[in-house]
1. Which of the residues spanning the range 10-27 are of a type in the set (A, V, I, L, M), buried (at least 18 other Cβ atoms within 10 Å of the Cβ) and either touching a Ser or Thr at 6+ places or on another chain (Cβ under 9 Å) or assigned to a helix (DSSP H, G or I) (or both)?
2. Just to confirm my filter: which helices (runs of 4 or more DSSP H) fall fully inside the range 175-292 and include at least 3 residues that are modelled with pLDDT of 85 or more and out of contact with any Asp or Glu (no Cβ under 8 Å at 6 or more places or on another chain)?
3. So which of 77, 30, 7 is loosely packed, with under 14 Cβ neighbours inside 10 Å and among the hydroxyl-bearing types (Ser, Thr, Tyr)?
4. Kindly indicate whether residue 114 is closer than 27 Å to residue 212 by Cβ and either surrounded by fewer than 17 Cβ atoms within 10 Å (Cβ to Cβ) or at pLDDT 80 or above (or both).
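The values are calculated or read from the model by the stated rules, or taken from the named source; none is laboratory data. In this text the structure is predicted, and so the values were computed from the model without any measurement. Positions of Cβ are backbone-derived with ideal geometry, glycine not excepted, and every protein chain shown enters the neighbour counts.
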Amino acid sequence: MIAFGCSITSPEIYRRWAEPGIRFAAEPDSIVLAHAAAGSIYRSYNLMLDKAAAFEDLEALVLLHQDAEIVDPGFCSKVRSVLADPEVGVAGAVGATDVRTIAWWEGSVTWGPFVRAYANYGGGDLPELSWNGAVLPMEAALGPVDTLDGFILVLSPWAIRNIRFDEALRLVREGFDFDYCMQVRAAGRKVVAADLRVLHHHSLDLVTDPETWMEAHRQVAEKWDGRLPNGDGQEEDWKQRARRAEAEAGVSRLAGASKLLMAYARAEEHDVELGVLEDTVSWRITKPLRELNARRRRLAER
């Protein structure tokens with residue numbers, strides 16, 4: 001049996017995106033653990049893990065954000081296929097390798113067929129890597145990664161019963177995915193990016209509270225300083241100012257990525273508007289006149 005869990009802060013958003021996606025992907029015996037947020041996402045998810053751990057026939061627990069929509073008709077089959085490897089602790093739709101902080105986009109991004117859907121600038125959707133470069137990098141392939149984007153996490157029965165989200169970090173949301181993946185890897189299990197088709201209905205404003213994000217960066221960095229799985233244990237001696245500088249660099253890059261996404265969205269909106277304009281009768285009727293005027297301008301310039 002595969003269970004689904006969602007921490008809800010906006011019932012309207014949940015009913016619009018996560019709930020239909022869960023209904024679409026769920027099987028007749030699936031359990032849905034969708035509850036109002038109990039403080040931080042760390043606490044909310046741990047409560048779901050405690051409930052899920054009681055089911056002896058549990059094959060996986062899918063934790064997704066309220067604005068994430070599963071659109072994969074073979075979702076449960078894919079989850080079983082990924083978790084058939086007993087070494088896999090947690091899976092997701094997008095992640096990265098060579099990651100050392102919660103700024104996972106600083107590493108080599110790995111992804112599945114994942115799309116960010118947005119409502120601003122006329123609405124639309126963008127492949128998530130579009131803000132990390134126009135060309136898909138060689139490293140962007142499915143398989144083992146260092147960490148995952150936590151908008152959707154697929155936990156194995158082992159992870160459900162052995163790993164908990166660290167509530168001692170005193171964070172509301174940021175960094176929970178990185179820290180959980182580090183715990184899984186530190187325990188000797190794999191973190192993998194899988195072929196899971198999911199839409200993330202998220203604003204193009206990727207960071208809305210820089211101070212909170214930087215504090216999350218600092219706390220998680222302090223926790224894993226010199227202890228990163230597969231690291232050499234020779235982390236440099238971080239100072240408080242250096243930690244903040246790194247956090248500022250990471251959040252600035254994310255803010256820049258947000259601006260790039262907005263530019264893509266504006267360009268797409270303008271293309272749509274131009275297409276509508278060119279399809280009008282007046283546009284077609286005046287086309288010969290515009291072409292004539294253009295030729296006159298070229299002749300005048302000569």
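1. Of the residues in the range 10-27, the ones of a type in the set (A, V, I, L, M) are 13, 18, 22, 25-26.
This time we only want the ones that are buried (at least 18 other Cβ atoms within 10 Å of the Cβ), so: 18, 22, 25-26.
Of everything in the range 10-27, those that are of a type in the set (A, V, I, L, M), buried (at least 18 other Cβ atoms within 10 Å of the Cβ) and either touching a Ser or Thr at 6+ places or on another chain (Cβ under 9 Å) or assigned to a helix (DSSP H, G or I) (or both) turn out to be 18, 22, 25.
2. On the way: elements: 176-186, 210-224, 240-278, 281-285.
In the range 175-292, 176-186, 210-224 are the helices (runs of 4 or more DSSP H) which contain 3 or more residues that are modelled with pLDDT of 85 or more and out of contact with any Asp or Glu (no Cβ under 8 Å at 6 or more places or on another chain).
3. Details: 30 fails: loosely packed, with under 14 Cβ neighbours inside 10 Å; 7 fails: loosely packed, with under 14 Cβ neighbours inside 10 Å.
Going through 77, 30, 7 in turn, just one is loosely packed, with under 14 Cβ neighbours inside 10 Å and among the hydroxyl-bearing types (Ser, Thr, Tyr): 77.
4. Values: closer than 27 Å to residue 212 by Cβ: yes; either surrounded by fewer than 17 Cβ atoms within 10 Å (Cβ to Cβ) or at pLDDT 80 or above (or both): no.
Taking the combined requirement at face value, the residue does not satisfy it.
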